[in-house]
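One structure below.
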Amino acid sequence: MKEVPLAVDLDGTLVRTDTLWESVAALVRRDPLAALALPFWLLRGKASFKSEIARRVEIDVSLLPYDAGVLRELRHQRSEGRWIVLATASDSRIAERVAAHLGLFDAVLASDGVNNLKREAKAQALVERYGEGRFDYMGEDRHDVPVWKHAGTAYVVGAEGIAAEIESSGKPVQRVPREGKGWWPLARAMRVYQWAKNLLVFVPLATAHLLLNADAIEGAVLAFAAFCLTASAVYLLNDLSDLQDDRRHPTKRSRPLAAGDVSLGTAAMLVPLLLAASAAIAWFLPPAFGALLLLYLATNLAYSLRVKRIAIVDVFVLAALYTLRILAGAAAIAVPVSHWLLAFSLFAFLSLALVKRFVEVSNVASRDEVAVAGRGYVASDGQLLAMLGTASAGLAVLVFALYITSPQVAALYRSPAILWFAVPLLFYWLSRVWFLAHRGALHEDPLLFAMHDPASYATGLAIFVAMLAAT
């Protein structure tokens, strides 16, 4: 019935996210110490909690992941002359901005700092304004059931099981389809495909010639698992911190958290679980490994919250994070790390970190934009980044060449001269990465590019064969 207003929920229904979590993430990103005040605000009640956050931080509602199916239905209802009400437990400041941005709503009911407009409270507010059964309501989960009980027609977004239950009770139901995506978005949010980077913990196993030692292999596998879990926790924290920046980015806007494919609450709850599982694994490894894993976590958090916005410092930290994996791999199997390996790793990974930034800057320049969102670089920095990156690549190759002539090599390899075959191969691969980046044919992450590049596999295999032949 057109004369019956349609009330629409915001969080999870109109937008595929939770604006409270969005606001908390934005506040903690801007002022990490504000996290200490959150429990005290919550003690004053949920409505006051939302109000305290909303008055301190303003999220960009134009970037929120609006549900296309819901918007389509609301525009259809609007074209039919339907009165549409935004009824949400979100703070009124956010609700009013959403309503103003979309221009679809005739009225707004929201939490006001005193009353938390959720479940029964929302139902009561709608009944008092429009009458029992004299409004329809659109929602998407069990929190909306108390409201649907008092509505004329229940508009259910997705949630087929809930829709069937309501329908069986005799309540008229209108279904608004929403495609379910299963577990894949969560795996993407945890960056399972990035776990390949943690294979670096096996490098000390290979350089110490312990590939056939069962105890060493077990230690390296445990180290790999611990780093994978920690890395996934950090990726989730990073995406929670970067929601607004990711949504402005042409490709990062499709990340599961930014796109609303994974709930922010789920991500926030997973972080401590992943870290706890990682700590449990680290317990079975030497204390030095646990200390390095903790350092990796702390450095990653510093990078996510602040360092990645500081030009040049960010790439040095990225290179250090890769090198920390190698150090931790050595600690897990209790072998020393050669200073040659550390020097090579720092320069090689610095070059790869610089090529990643070079690609980002080049993409910004190609779109005639001024700066990289959420980073400390501008479009004109590309040439300087290329100079620094190619110099770092050259230094990495030089360190490797000097290593071949060092006394340590004679103790590890019977025919060290064969290692010289690896020098031009390494120089070729690093040069090729920069050539492809310069031509715009490289993914922003060169290590992920290498995972799908046949030439990289062929080069890596040739280097491995050279090292094996020299052993």
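The values are calculated or read from the model by the stated rules, or taken from the named source; none is laboratory data. Predicted, not measured: the structure shown is a model, and the values here were computed from it. For neighbour counting, all protein chains shown are included, and Cβ atoms are generated from backbone atoms with ideal geometry for every residue, glycine included. What goes into the accessible areas is simple: the full protein's heavy atoms, side chains included, and nothing from ligands, DNA or RNA. Shrake-Rupley method; radii C 1.70, N 1.55, O 1.52, S 1.80 Å.
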Wholly inside region 394-471, helices (runs of 4 or more DSSP H) that include 1 or more residues that are under 38 Å from the mean Cα position of the chain (by Cα) are 422-438, 446-451, 454-470
**Asked** Among the residues of region 213-223, is any in a helix (DSSP H, G or I), in contact with a Ser or Thr (Cβ under 9 Å, 6 or more places away or on another chain) and surrounded by 23 or more Cβ atoms within 10 Å (Cβ to Cβ)?
**Response** no
Conditions (1) open to solvent by 40 Å² or more (accessible area, probe 1.4 Å); (2) over 30 Å from Cys228 (Cβ atoms); (3) of a type in the set (D, E, K, R) -> Glu179 fails only (2)
The residue from Val370, Val359 that alone is farther than 30 Å from Leu210 by Cα, at pLDDT below 95 and surrounded by 21 or more Cβ atoms within 10 Å (Cβ to Cβ) is Val359
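Let's see how each residue does on (1) hydroxyl-bearing (Ser, Thr, Tyr); (2) over 30 Å from Thr230 (Cα atoms):
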residue	(1), (2)
Leu318	no, no
Leu327	no, no
Leu346	no, no
Lys356	no, no
Val359	no, no
Gln383	no, yes
Met387	no, yes
Ser392	yes, no
Subset of region 437-453, residues out of contact with any helix residue (DSSP H, G or I) (no Cβ under 8 Å at 6 or more places or on another chain) and open to solvent by less than 100 Å² (accessible area, probe 1.4 Å), comes to Ala441, Asp453
Among residues of region 307-342 being open to solvent by 30 Å² or more (accessible area, probe 1.4 Å), within 20 Å of Val409 (Cα to Cα) and part of a helix (DSSP H, G or I), the residue modelled with the highest pLDDT is Leu327
Of the residues in region 44-74, those that are open to solvent by less than 20 Å² (accessible area, probe 1.4 Å), in a helix (DSSP H, G or I) and acidic (Asp, Glu) number 0
Over region 132-169, the set of residues free of Cβ contacts under 8 Å to residues at least 40 places away in the same chain and open to solvent by 60 Å² or more (accessible area, probe 1.4 Å) is Glu132, Arg142, His143, Lys149, His150, Glu160, Glu165, Glu167, Ser168, Ser169
For Thr230, the lone unmet condition from (1) part of a helix (DSSP H, G or I); (2) touching a strand residue (DSSP E or B) at 6+ places or on another chain (Cβ under 9 Å); (3) β-branched (Val, Ile, Thr) is (2)
A careful count of residues in region 269-295 that are open to solvent by less than 30 Å² (accessible area, probe 1.4 Å) and within 21 Å of Val28 (Cα to Cα) gives 2
Region 84-180: strands (runs of 3 or more DSSP E) wholly inside it with 2 or more residues that are among the hydrophobic types (A, V, I, L, M, F, W, C) and in contact with a strand residue (DSSP E or B) (Cβ under 7 Å, 6 or more places away or on another chain) are 84-91, 107-111, 154-157, 173-176
From the option list Ser456, Ser406, Ser415, Ser431, single residue qualifying as touching a residue at least 12 places away in the same chain (Cβ under 8 Å) and within 22 Å of Tyr193 (Cα to Cα) is Ser456
